[in-house]
Amino acid sequence: MQNLEPLLIFIRVAEMGSFTHAADSLGIQKGRASTAVRKLEDDVGVRLLHRTTRKVQLTEDGRAFHARARDLLAEVDDLQSMFAGDRVALRGRLRVDLPTELARTAIVPALPEFMATYPELELEVSSTDRQVDLVQEGFDCVLRIGPIGDETLIARPLGRLRMVNAASPAYLARYGVPQSLDDLRLQEHRAIHYTRTFGAKPYGWEYPDARESGGYATLPLPGALHVNSVQTYEAAGLAGLGLIQAALSGIRRHVVSGALVEILPDFRPEPLDVSFVAVHRTNLSRRVRAFMEWSKEVLQPDLE
C-alpha cells in the first residue's frame, strides 16, 4: 500500500522530532521525508508540524492527526497479515530496546536462530539500563525489568526473573560465609549498593519476610561502593568488594565457574517482573508478536 507511505513518514518524524533521524530509521533520504510530509499537509489542508532549526513538534491539529494515523497504520498492518499466518515472510525493520544484561547473556546469543527464521527482517537492537521513550525514540517494542508505570503502553508479562545472593570466594574468605540474616550483621558484611541515581538512600538488602504485606523486607547493610551500572555491579562483586543481589541469568556462568558463590539460598530477593512493552493499544504487528513469542521462549529458563 504505497499511498500510505506519507503517513508512515509523518508518524516517524513526529515521534522522533527530527526529519533526519526519521529518514535514517526508515532508510530513506531526508529530502524524500520532507517532501512527503509537506505533500501530506497540502492534502489535508492544515499544518501538522512546527519546524525550527533545532527540532520538529506537532501542531494542535498534528497531534489529533497523529493519533488517528498511528491507529490506522496499525490496523492496516494487522489487516494485511490477518490471513497470512506463516505463509508470508516477515519483512521490514524492527527496532527494539533490551536491558543490557538480558541482551548480553540471553537474547543476543540466541539471535542467530531468530534471524535465520526471519531472514527478510531487519533488526535494530538498542541495549541500555535506562527506560527509553518508545514514542520519542522510535522503538517498536522493548523488554523491561520491573514496574512499567505508564498507562499509555501495552505491557505483556513474560514472567519473573529469578534473583540470587552472591559473593566472591575471596570476599567470603575474609568475612565468612553467612548462614542466616543475623550473620550479615554479626560477621560485619558489606554490600555493594546499586542505584540509578547517586545520592539516593541505598535500598538495602532484600529478603523474604512473611510478616510484610508484600512478602519482602530490607535490611540495612553498610558499604562504601555505589554503582549505577549492572555491569559494574557484577564486576565489583567479582572483585570481592561486597555482597551482591543479582539476576541468576546474568551471573550464572560465574556461579558455575566458581568465580561467584551463591549465599543464603533460602533468603533470595524478590524476583523481578519482565514485560514485553509496546506503544499501540491496538493489535500488535506480526513482527512485534514474533519477537515477543521468541523472546519469551528464550528467557523461559530464567523465569519463575
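The values are calculated or read from the model by the stated rules, or taken from the named source; none is laboratory data. All figures in this text were calculated on a predicted structure; none of them were measured in a lab. No Cβ is skipped: glycine too gets one built from the backbone with ideal geometry, and neighbour counts run over all protein chains shown. These accessible areas exclude ligands, DNA and RNA; they are computed on the full protein's heavy atoms, side chains included. Shrake-Rupley method; radii C 1.70, N 1.55, O 1.52, S 1.80 Å.
Per-residue ellipticity at 222 nm computed for the chain from its helices equals -11000 deg cm²/dmol, with DSSP H segments shorter than 4 residues left out and the rest contributing -39,500 (n - 2.57). Once C-alpha pairs closer than 8 Å and six or more residues apart are averaged by separation and normalised to the residue number of the stretch 1-66, the relative contact order reads 31 percent. For the stretch 35-76, the per residue solvent-accessible surface stands at 69 Å², with DNA, RNA and ligands left out and a 1.4 Å probe. Find how many whole Å separate the alpha carbon centroid of the stretch 17-33 from the alpha carbon centroid of the stretch 44-69. Cα centres, the stretch 44-69 to the stretch 17-33: 16 Å.
Counting only protein heavy atoms, what percent of the accessible surface of the chain is carbon or sulfur at a 1.4 Å probe? Walk me through the numbers before you get to the answer.
Values: 8510 of 16360 Å².
The nonpolar share, carbon plus sulfur, comes to 52 percent.
Other residues whose C-beta falls under 9 angstrom from the C-beta of residue 125 contribute a net charge of -1, scoring Lys and Arg +1 and Asp and Glu -1. The stretch 117-159 and the stretch 253-304 have Cα centres lying 13 Å from one another. Could you tell me which of rounded, prolate or oblate describes the stretch 112-239, using a ≥ b ≥ c as the square roots of the eigenvalues of the alpha-carbon gyration tensor, with rounded for a/c under 1.5 and, failing that, prolate when a/b is larger than b/c and oblate otherwise? Because a/c hits 1.5 or more and a/b exceeds b/c, the stretch 112-239 counts as prolate. Calculated from the structure at hand, Rg and Dmax of the Cα atoms in Å is found among (1) 23.6, 75; (2) 20.3, 72; (3) 17.9, 53 as (1).
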